[in-house]
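Participant: Next up is a structure, given as structure tokens.
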Amino acid sequence: MTGVIAPLLLRDLALLAGGRRGNPLLPLLFFLAVAMLFPFAVGPDAPLLARTGGGVIWVAALLAAILPLDRLVAPDLEQGCFDQWALRGIAEELVITIRVLAHWLSFGPPLMLAALPASALLGIGGDTLARVELGLLAGTPGLAAIGVLIAALTAGLRGGAALAGLLLIPLAVPLLIFGAGALATGGASGIALCGAISLVLVAIAPFAGGAAVRAAREG
Amino acid sequence: MHGFANPTRFLRLARLLTGPLLLVGLSVAGGAMAYGLFAAPAERLQGETVRILFIHVPTAWLGMGGWTAIAVASLAELVWRHPLAGIAARAVAVPGAVFTAICLLTGSIWGRPAWGTWWVWDGRLTSMLVLLFLYLAYIALGSAVEREGASSRILAIFGLVGAVNIPIIHYSVLWWNSLHQAPSITIGKSAMAPEFLWPLLIALAGFSLLFGGVVLARMRMILADAQAEARLRRMAEEA
């Protein structure tokens, strides 16, 4: 069993981060574009932007997390990769766990990097920026876990991004509350709670996602 | 429970129960609301606006209880492969969403005179709003699953994931911001005067019967749909 983890992880990383399943930079560009749109909508007032900028970065991160959902699980289901793994005796839960890790690696740290120019655009810096980055570090694993879970649930369905987004947004509300809440109040406790919810989601995703893939495979 | 795994036996019972449940539920809930509207005294602080309580509180409880029913039915479908559990879960979703929407609507109407605004970003209101979105997501996923002919277990998994997340969402939203009064009724004690409490409990019973009747009617509809489709397919194969 341990022998398959490294090859699967490398394959997933090559697919997700290497650009064979759509350009991984596109969600990040979308993230920056949303951060750029906001000042156009509310005006270039620097104190207002500095006060609301952290929340805007969180909302943009949630929206950007919806974009890659349709290529996380569906192509493998269509090509029969999951059937092959099942024949080899590799549990769907293991594949989904590795997929969550690979998705986070190709989405979380790049998003944290993209948050730097976004925060410069919104005029937030110093202490607030540190809290945004720490919050993203705590929250993006949970976001990646929900993403893979929703992708597994909708893999066999042609519902499109609208359906996946509708499923993802309510589940991501607690991450947003604590991640963005850490900006307003004390800080550390919000980030810790955001990390705790993230861990719960990471714990649920392999089992729920694995069961969803099995249900989709067996029809 | 597996006695009702046979759709024929279930349908015989459901056919018997649907009408009475709807009628009794409607008249009991209607009676309790009429009492609340005309006979109950005005409350000392809230005045006449308190009368909306007799529809607001039962719909709130049933809106939240609806997802509990979805969770139990989803578990029964996933663990015991009960053939009617998935149909029951799908049948609960629409009345659950409607009751949640009625709760939000009546709360908003009550909030206008009491808080001076249609909507506040209060924790318990927001938690109900997120619940409504979860119901709508569930219904959308259900119709996509049905359209594509995918396994109904996918829907059951989402039902369970939602059930795990609802308490997290609820408490995180409460922590975020709350203006709503704390629960007045918990098991064992009540901060409510008996002339409000009893009609409220009767209204809750009436709305619950009504909810059950709607769920049975919807289950019969889903089963009839499946039956009609199977018959059409058989006729097409014979032709």
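The values are calculated or read from the model by the stated rules, or taken from the named source; none is laboratory data. Everything quoted here is computed from the prediction, not taken from an experiment. Backbone-built Cβ (ideal geometry, glycine too); neighbour counts: all protein chains shown. Accessible surface is based on the protein model in full, side chains and every heavy atom, while ligands, DNA and RNA are left aside. Shrake-Rupley method; radii C 1.70, N 1.55, O 1.52, S 1.80 Å.
Participant: When averaged across all projection directions, what area in nm² does the alpha-carbon convex hull of region A:28-101 cover?
Facilitator: Mean projected area for region A:28-101: 6.3 nm², to one decimal.
Participant: Mind listing, in residue-number order, the residues in region A:172-219 that have at least 30 Å² less accessible area with every protein chain present than in their own chain alone (1.4 Å probe)?
Facilitator: Residues losing area: A:Val173, A:Pro174, A:Ile177, A:Phe178, A:Ile204, A:Ala215, A:Gly219.
Participant: Take chain B, connect every pair of alpha-carbon atoms lying under 10 Å apart with a spring to form a Gaussian network, then pick out the residue of B:Tyr35, B:Tyr135, B:Tyr171 with the largest mean-square fluctuation.
Facilitator: B:Tyr171
Participant: Given a 1.4 angstrom probe, what's the average accessible area per residue across the protein assembly as shown, in square angstrom?
Facilitator: 46
Participant: Taking R0 as 56 Å, what FRET efficiency do you get between A:Leu25 and B:Arg233 from their Cβ-Cβ distance, rounded to the nearest 0.05?
Facilitator: Working from the Cβ atoms, E equals 0.70.
Participant: Then there is this: Starting at the first residue of region B:23-28, write each ³J(HN,Hα) from the Karplus equation 6.51 cos²θ - 1.76 cosθ + 1.60 with θ = phi - 60°, in whole Hz, x for Gly and Pro.
Facilitator: With the stated coefficients, region B:23-28 comes to 5, 5, x, 4, 6, 5 Hz.
Participant: So for the protein assembly as shown, considering every pair of alpha-carbon atoms, how many percent are separated by more than 35 Å?
Facilitator: Looking at the protein assembly as shown, the distances longer than 35 Å represent 40 percent of pairs.
Participant: Report, to two decimal places, the Cα Rg of chain B normalised by 2.2 N^0.38 Å (N = number of residues).
Facilitator: For chain B, the normalised Cα radius of gyration comes out at 1.14.
Participant: Over both sides of the A-B contact, add up the buried accessible area with a 1.4 Å probe and give it to the nearest 100 Å².
Facilitator: Working: alone 10130 and 13510 Å², together 21260 Å².
The summed interface area works out to 2400 Å².
Participant: Over chain B, with a Gaussian network built from C-alpha contacts below 10 Å, which listed residue (B:Ser143, B:Ser74, B:Ser108) shows the highest mean-square fluctuation?
Facilitator: Ranking B:Ser143, B:Ser74, B:Ser108 by mean-square fluctuation puts B:Ser143 first.
Participant: Also: Helix-derived [θ] at 222 nm for the protein assembly as shown: sum -39500 (n - 2.57) over DSSP H runs of at least 4, divide by residue count, nearest 500?
Facilitator: After summing the helix terms and dividing by the residues of the protein assembly as shown, the value is -28000 deg cm²/dmol.
Participant: Report, to the nearest whole %, how much of the accessible area of region A:1-110 belongs to carbon and sulfur atoms, 1.4 Å probe, protein only.
Facilitator: So the carbon and sulfur contribution to the accessible surface is 70 percent.
Participant: Another question, then. How big is the dipole moment of region A:2-218 about its Cα centre under a simple scheme where the beta carbon of each Lys and Arg is +1, that of each Asp and Glu is -1, and everything else is neutral? Debye, nearest 20, please. Spell out each step's value before the answer.
Facilitator: Numbers: 11 positive and 11 negative charges, 31 e Å.
Dipole about the Cα centre, nearest 20: 160 debye.
Participant: Would you work out which of B:Leu17, B:Ala137, B:Thr126 lies farthest towards the positive end of the dipole of chain B? Charges go on Cβ: Lys and Arg +1, Asp and Glu -1.
Facilitator: Working it through, the farthest residue towards the positive pole turns out to be B:Leu17.
Participant: When N is the residue count of chain A, what does its C-alpha Rg come to as a fraction of 2.2 N^0.38 Å?
Facilitator: Compactness ratio reported: 1.04.
Participant: Another question about this same structure. State the answer as a single residue: which of A:Leu26, A:Ala144, A:Thr128 lies farthest towards the positive end of the charge dipole of region A:2-218, with beta carbon charges of +1 for Lys and Arg and -1 for Asp and Glu, about the Cα centre.
Facilitator: Among A:Leu26, A:Ala144, A:Thr128, the one farthest towards the positive end of the dipole of region A:2-218 is A:Leu26.
Participant: Then there is this: Among A:Leu13, A:Ala184, A:Leu101, flag the residue with its Cα farthest along the positive direction of the charge dipole of region A:2-218, charges on Cβ as +1 for Lys/Arg and -1 for Asp/Glu.
Facilitator: Of A:Leu13, A:Ala184, A:Leu101, it is A:Leu13.
Participant: Still on this structure: I want to check the label-to-label distance for A:Asp83 and A:Met36. Put each point 7 Å from Cα in the C-beta direction and report it in nm to one decimal.
Facilitator: The modelled label-to-label distance comes out at 4.4 nm.
Participant: Can you compute the charge dipole magnitude of the protein assembly as shown about its Cα centre, using +1 on each Lys and Arg Cβ and -1 on each Asp and Glu Cβ, nothing else charged? Give it in debye, rounded to the nearest 20.
Facilitator: Charge dipole of the protein assembly as shown: 680 debye, to the nearest 20.
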